[in-house]
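This report refers to the structure that appears directly beneath it.
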Amino acid sequence: MKIQEYRYIVSTIEFIMENVPESSNLPSNPSVESENVQEEVRNDKKRKQRVVSNCWDHFTKLNVGSVAKAKCNHCGTILSCGSGTSHLNRHTRQIHGFNQPTIEEVFDNKQHLVKTESGELGIQKFDPLVARQKLTTVVVKHELPLRFVEYESFRDFVDYCNPLVKHMSRNTLKSEIFKIYNVEKGKAMNLLEITNSRVAITTDMWTACNQKKGYMVVTGHFIDNSWHLQSRILRFIYVQAPHTADCISQILVKCLMDWNLDRKLSTVTLDNCSTNDAMVARLKGLLSTESMILSGNFFHMRCAAHILNLIVKDGLSVIESGITHVRDSVSYWSSSPKRVEKFELACRQIQIDVKKLGLDCPTRWNSTFAMLELAVKYKSVFSRLQTLEPQYKCLPSSEEWELAKQMLDYLRPFSKLTEMFSGTTYPTANLFFSIVKNMADNMIGKFLKYWDEINGVLVMAVILDPRYKMMLINYYYPKIYVVGLENQLKRVRELCDEMMNYYEAKSATTRYGVVGESSTALSDLDRYLEDPLVKRTPDFDVLQWWKMNKGKYPILAEMAKDLLAVPVTTVASESAFSTGGRTLSPHRSRLHPDTLKAIMCSQHWLWATSNRGGVPEEEIFTGEELKDEDEDGLQILD
């Protein structure tokens with residue numbers, strides 16, 4: 001190679017080396033270079049772009065002195081704006097309903113939509129423990145089976161509403177029920193602890209036909225410090241046989257001790273049976289009678305509904321043979337579907353509304369009343385059927401129909417008294433006087449047997465009603481006591497004075513720590529009786545009246561708070577057995593007694609809290625679900 005060519009090649013290489021970029025800057029892959037450039041551009045834009053919250057669509061910035069503030073464009077509220085915008089977003093969301101998160105955002109943050117008290121939607125963080133408690137409350141309050149939480153369709157529904165919910169098993173549900181039981185029992189005990197009035201007790205026994213086990217329920221009744229009538233189940237317990245007076249009294253005393261009510265008792269209301277009579281005697285020996293009203297003179301209240309049932313049954317026994325054909329007629333035309341069809345056809349032919357005939361239960365007088373009332377209405381239908389059905393040979397005679405009508409007139413007041421215990425009047429009758437007279441004699445004898453034992457509480461309760469005071473006493477006593485009326489009225493006044501002295505001494509002990517003589521007790525009672533009666537109106541509330549007038553009659557108000565809470569029937573306790581029969585249904589007969597206790601008590605406490613001391617109308621005991629089994633208790637009808 002010539003030297004000139006060599007020099008040319010060297011100079012060319014030097015030129016290239018001087019003008020070519022460094023190797024680190026040489027792109028190795030065109031696609032990678034493009035992506036890197038785009039990412040750098042995006043990051044640069046983000047750095048340069050200013051992030052603005054949606055809340056500034058609803059707020060305007062302003063300076064108050066040297067402090068930055070934000071003024072709401074909708075309501076003019078001024079808030080700080082130097083420490084984030086969460087409080088601004090919360091204001092627009094909660095006050096004005098703006099900036100609600102999307103459903104996706106809600107579930108991403110484990111939140112859920114809820115309705116506020118005003119009915120608007122709000123956001124709340126989902127709490128699985130609260131969800132579990134609410135589901136357990138539904139099961140308890142509405143008597144759902146424990147297996148309900150394992151139903152496939154129910155779980156599908158829950159998953160659709162909120163997939164965040166963790167499903168419960170029956171065992172978990174049972175544990176949650178006991179948690180609710182403990183919490184609600186604590187609330188009930190606290191309410192009784194702070195209540196400054198006495199507590200009246202009702203108790204009854206029930207035998208579950210599915211388990212053949214005996215259960216005892218104890219219910220407390222009282223007027224709270226806001227003058228609202230309250231009731232709480234204190235105990236629902238399985239009682240092993242035999243159900244003797246000793247056994248029942250020991251269980252009741254233990255219950256009262258556990259709830260610290262042994263010195264706050266006013267009365268105990270029981271059904272009329274020899275076991276309960278013996279139990280009351282034992283209770284007085286186990287409890288301190290010094291803490292009872294008048295040393296326990298009012299302690300035992302007999303169930304007025306049970307007395308009423310005995311009274312009417314004694315009266316009906318006299319005329320039993322006179323209504324046999326009426327009962328046989330009802331039985332005949334309701335014994336088969338074919339006869340029912342003939343009966344309904346005869347009703348339509350003579351244009352009478354068709355209702356289902358019902359045979360009475362011999363142990364329930366009110367079912368006899370219902371049977372007679374319906375049968376008398378269909379008198380002409382029965383007469384028509386006699387000509388159409390040769391085998392129907394038990395048509396009542398005209399005298400028997402007339403007797404049935406007379407009995408309806410006499411039983412109708414008792415039917416109303418089944419719902420509300422009050423004074424009794426008997427309409428006069430001209431026909432069948434001798435039969436009715438014998439019936440009335442039996443009924444009056446039974447009435448007087450129990451009246452002398454319970455009239456003290458009832459007399460004081462009616463006197464403490466400002467609509468009546470002594471008016472009902474003066475009206476009914478002459479009808480009850482044909483002989484010895486003056487002595488009975490004197491006893492009423494002595495009872496009033498004795499009660500006033502007792503409560504005045506109790507009040508003085510509470511105020512001063514010593515028992516003092518009353519200088520205003522009689523005048524307090526006299527002023528009350530001399531004041532005019534309160535006008536009777538359908539919406540009158542006797543407890544609220546005493547709440548408004550407790551300053552005017554302080555001693556009487558304290559007495560009213562104790563006595564007006566006394567139940568005259570055991571219906572409140574029997575209603576628990578109505579619920580117990582539904583809870584302990586045939587397919588749940590293996591429910592453990594402790595679980596049944598937790599369900600029964602929790603249900604009553606939950607309803608009482610949500611309904612201010614009561615239960616909903618559909619839960620109220622009607623008596624149709626129960627029948628007498630023996631003096632130990634009641635049994636659910638199938």
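The values are calculated or read from the model by the stated rules, or taken from the named source; none is laboratory data. Here the structure is a predicted model, which means the values were calculated and not measured. Virtual Cβ from ideal backbone geometry, glycine too; neighbours counted across all protein chains shown. Remember, those area values only see protein heavy atoms, side chains included, never the ligands or the DNA or RNA. Shrake-Rupley method; radii C 1.70, N 1.55, O 1.52, S 1.80 Å.
So, of the residues in segment 147-180 that are of a type in the set (Phe, Trp, Tyr) and closer than 20 Å to Leu606 by Cα, which turns out to be nearest to the chain's Cα centre (by Cα)?
So the first thing to find is which residues in segment 147-180 are of a type in the set (Phe, Trp, Tyr), and the list is 148, 151, 154, 157, 160, 178.
With the extra rule that they be closer than 20 Å to Leu606 by Cα, the set shrinks to 148, 178.
On the way: Phe148: 22, Phe178: 19 Å.
Per the stated criteria, the residue is Phe178.
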> Exactly one of (1) touching a residue at least 12 places away in the same chain (Cβ under 8 Å); (2) surrounded by 12 or more Cβ atoms within 10 Å (Cβ to Cβ) is unmet by Val354. Its number?
Replying inline: (1)
> Take the residues of segment 291-310 that are in a helix (DSSP H, G or I) and touching a Gly at 6+ places or on another chain (Cβ under 9 Å): which is surrounded by the fewest Cβ atoms within 10 Å (Cβ to Cβ)?
Replying inline: Leu294
> Would it be correct to say that Leu533 is assigned to a loop (DSSP other than H, G, I, E, B) and either open to solvent by less than 40 Å² (accessible area, probe 1.4 Å) or modelled with pLDDT of 90 or more (or both)?
Replying inline: yes
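So which of Arg590, Arg582 ends up being modelled with pLDDT under 55, among the charged types (D, E, K, R) and surrounded by fewer than 18 Cβ atoms within 10 Å (Cβ to Cβ)?
None of the other options fit; the residue is Arg582.
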> Just wondering, is there one or more residues in segment 74-91 that are open to solvent by 80 Å² or more (accessible area, probe 1.4 Å) and β-branched (Val, Ile, Thr)?
Replying inline: yes
>> I need a count of the residues in segment 222-252 that are of a type in the set (Gly, Ala, Ser) and over 21 Å from Lys187 (Cα atoms).
In response: 3
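Of the residues Lys416, Lys490, which is assigned to a helix (DSSP H, G or I), open to solvent by 50 Å² or more (accessible area, probe 1.4 Å) and at pLDDT 90 or above? Outline the logic, then answer.
On the way: Lys416 fails: at pLDDT 90 or above.
On inspection, the qualifying residue turns out to be Lys490.
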>> Quick test for you: out of Asn442, Asn455, pick the one residue that is within 19 Å of Asp314 (Cα to Cα) and at pLDDT below 85.
In response: Asn442
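Against the condition modelled with pLDDT under 90 and not hydrophobic (A, V, I, L, M, F, W, C), how does Ser266 come out, does it pass? Write out each step before concluding.
Values: modelled with pLDDT under 90: no; not hydrophobic (A, V, I, L, M, F, W, C): yes.
When the stated conditions are applied, Ser266 does not pass them.
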> Taking Val138 and the conditions (1) open to solvent by less than 60 Å² (accessible area, probe 1.4 Å); (2) hydrophobic (A, V, I, L, M, F, W, C); (3) under 18 Å from Ser602 (Cα atoms), which numbered condition does it fall short on, given that it satisfies the others?
Replying inline: (1)
> So, of the residues in segment 350-379 that are within 23 Å of Phe414 (Cα to Cα) and β-branched (Val, Ile, Thr), which turns out to be modelled with the lowest pLDDT?
Replying inline: Thr363
> Does Val183 count as of a type in the set (A, V, I, L, M, F, W, C) and farther than 30 Å from Asn272 by Cβ?
Replying inline: yes
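I'd like the residue in segment 45-66 that is over 13 Å from Thr85 (Cβ atoms) and at pLDDT 85 or above and, out of all such residues, is surrounded by the most Cβ atoms within 10 Å (Cβ to Cβ).
Filtering segment 45-66 for residues over 13 Å from Thr85 (Cβ atoms) gives 45-50, 60, 62-66.
Now restrict to residues that are at pLDDT 85 or above: 60, 62.
Working: Thr60: 10, Leu62: 12.
Selected residue: Leu62.
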